[in-house]
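> I'd like to ask some things about the structure below.
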Amino acid sequence: MKIVTVFGIVSVLIFSGCSSIKETNFLIGTYADTSSQGINVIRFNEKTKDISLQSVVSEIANPSFVITNKSKTIVVAVEETASDKGGKVTSYSYNKSSKTFKKLTTFFTKGDHPCTLAFSPKEDYVLVGNYSGGNLSVFPIDKAGMLSDSSQLIQYVGKSVNVERQEKPHVHCIVLHPKESKIAVADLGTDAIALIPFDENSTPFLKENETISTKVAAGSGPRHLVWNKAGNRLYVTFELTNEVAVFDYKDNKLTQIETIALTAPTNSGSAAEIRLSKDEKFMYASVRGNNNQIVVIKINEGRKLEVVQTIKTAKIPRNFIITANQKNVLVATQDSNLISVFDRNEETGLLTATTKELTINKPVYLFGF
């Protein structure tokens, strides 16, 4: 009996020790130089901080933005290309047992260089933002992952003061409101953020005629958006001025309440991604160009912003993601061809570089998988 008891205790200890080591997969969107490149699947070990390449979904052109449905059985990627019919959107099924992908459908997006995607809440539609096309396409999708051709196209018009970057509309980000049936769309080219209601049970899906557009400072170039969980704050990176802005949201209206600089003043910046920590006490923003850095911003009581750290990265930190346990940040640096691991202090929000990294050709987006 004693032997059995001791063995049982040891077994529990061994089991507990193993179960505490968690590995997480991520999909990596890339710019592909050859047909053998494409969507990369990587695995991150939370204990050792090691990153390993698991597989590559090849034969897809520039899958720069990739997402999944909630159950992780359907993968959808843009093909950031241009043609007389625009870029492309492609769907795959994913078999969790065999860990294999099967290509299902591909459609032209009716706008050049698609760069952002979102599933509707019921996952009956996929929304695609076309950067060079300056428009927004809506694609029905069934539960098996089969896309249908675009059922709705919203074309934006206009320009702003930066003649090189804002010569026409440039849709760069689509995010769903966490509480209400509406999406927010960042248009870098016209310095506008659009709020568009939707009805998943009607056709067309988006209620374009009920759009409320909020103009931001001329030449700022809104790029990426993130809502807080309550849905009453919208955080925005201004790419061209290298700033982050905070908007109060109430009664269907966005009001800009604070702006904070990420670098010295500029009108030709390259701010990119923005992320909130799970506890919403810290915000992170990447800046590319000559800066190549992540800026850590503390959200103080009263929602006042305070830069607490600026940390260097490899070249062109296009995108990054905070791991689910909030202890690490994985950074995709496009021109250095790297995914790099940073440790994160949950109390202070501060980042520390590690030596852990993985070579990936031109990584530009990470999505938890």
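The values are calculated or read from the model by the stated rules, or taken from the named source; none is laboratory data. A quick note: this is a predicted structure, and the numbers were derived from the prediction, not measured. Here the Cβ is made from the backbone with ideal geometry for all residues, glycine too, and neighbour counts use every protein chain on show. Keep in mind that these areas ignore ligands, DNA and RNA; they rest on the heavy atoms of the full protein, side chains included. Shrake-Rupley method; radii C 1.70, N 1.55, O 1.52, S 1.80 Å.
> Being in a strand (DSSP E or B) and closer than 15 Å to M283 by Cα is the filter here, so list the residues in segment 344-357 that pass it.
R344, L351, listed by residue number.
> Quick one: which of T241, T259, T255, T214 is part of a loop (DSSP other than H, G, I, E, B) and out of contact with any Cys (no Cβ under 6 Å at 6 or more places or on another chain)?
T241
> Going by the structure shown, is S83 open to solvent by 30 Å² or more (accessible area, probe 1.4 Å), part of a loop (DSSP other than H, G, I, E, B) and among the small types (G, A, S)?
Considered against the rule, which asks whether it is open to solvent by 30 Å² or more (accessible area, probe 1.4 Å), part of a loop (DSSP other than H, G, I, E, B) and among the small types (G, A, S), S83 comes out as yes.
> Let me ask something additional. For segment 119-140, which residues satisfy the criterion of being in a strand (DSSP E or B) and either farther than 14 Å from V89 by Cα or open to solvent by less than 10 Å² (accessible area, probe 1.4 Å) (or both)?
Within segment 119-140, V126, L127, V128, G129, N130, N135, L136, S137, V138, F139 qualify.
> Can you find a residue that is acidic (D, E), modelled with pLDDT of 95 or more and open to solvent by 40 Å² or more (accessible area, probe 1.4 Å) anywhere in segment 236-244?
The answer is yes, given that some residue of segment 236-244 is acidic (D, E), modelled with pLDDT of 95 or more and open to solvent by 40 Å² or more (accessible area, probe 1.4 Å).
> So if I check each of S11, S55, S16, which one is at pLDDT 50 or above, outside any loop (DSSP other than H, G, I, E, B) and more than 23 Å from A82 (Cα to Cα)?
When all the criteria are applied, what remains is S55.
> Given the options K96, K102, name the one that is in contact with a Lys or Arg (Cβ under 9 Å, 6 or more places away or on another chain), open to solvent by 60 Å² or more (accessible area, probe 1.4 Å) and free of Cβ contacts under 8 Å to residues at least 40 places away in the same chain.
K96
> Which ones in segment 197-215 are touching a Lys or Arg at 6+ places or on another chain (Cβ under 7 Å) and open to solvent by less than 40 Å² (accessible area, probe 1.4 Å)?
Correct list: P197, F198, E200.
Matching residues to (1) open to solvent by 60 Å² or more (accessible area, probe 1.4 Å); (2) more than 30 Å from N45 (Cα to Cα); (3) not in a strand (DSSP E or B):
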| position | (1), (2), (3) |
| --- | --- |
| A264 | yes, yes, yes |
| A272 | no, no, no |
| R275 | no, no, no |
| D279 | yes, no, yes |
| N291 | no, no, yes |
| I297 | no, no, no |
| G302 | yes, yes, yes |
| I321 | no, no, no |
| V329 | no, no, no |
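> Any idea how many residues of segment 38-80 are under 12 Å from F367 (Cβ atoms) and open to solvent by 20 Å² or more (accessible area, probe 1.4 Å)?
Selection size over segment 38-80: 2.
> Are any of the residues in segment 306-319 within 20 Å of the chain's Cα centre (by Cα), surrounded by fewer than 18 Cβ atoms within 10 Å (Cβ to Cβ) and farther than 25 Å from L117 by Cβ?
yes
> Next question, about the same structure. Any chance you could count how many residues in segment 185-230 are free of Cβ contacts under 8 Å to residues at least 60 places away in the same chain and among the aromatic types (F, W, Y)?
1
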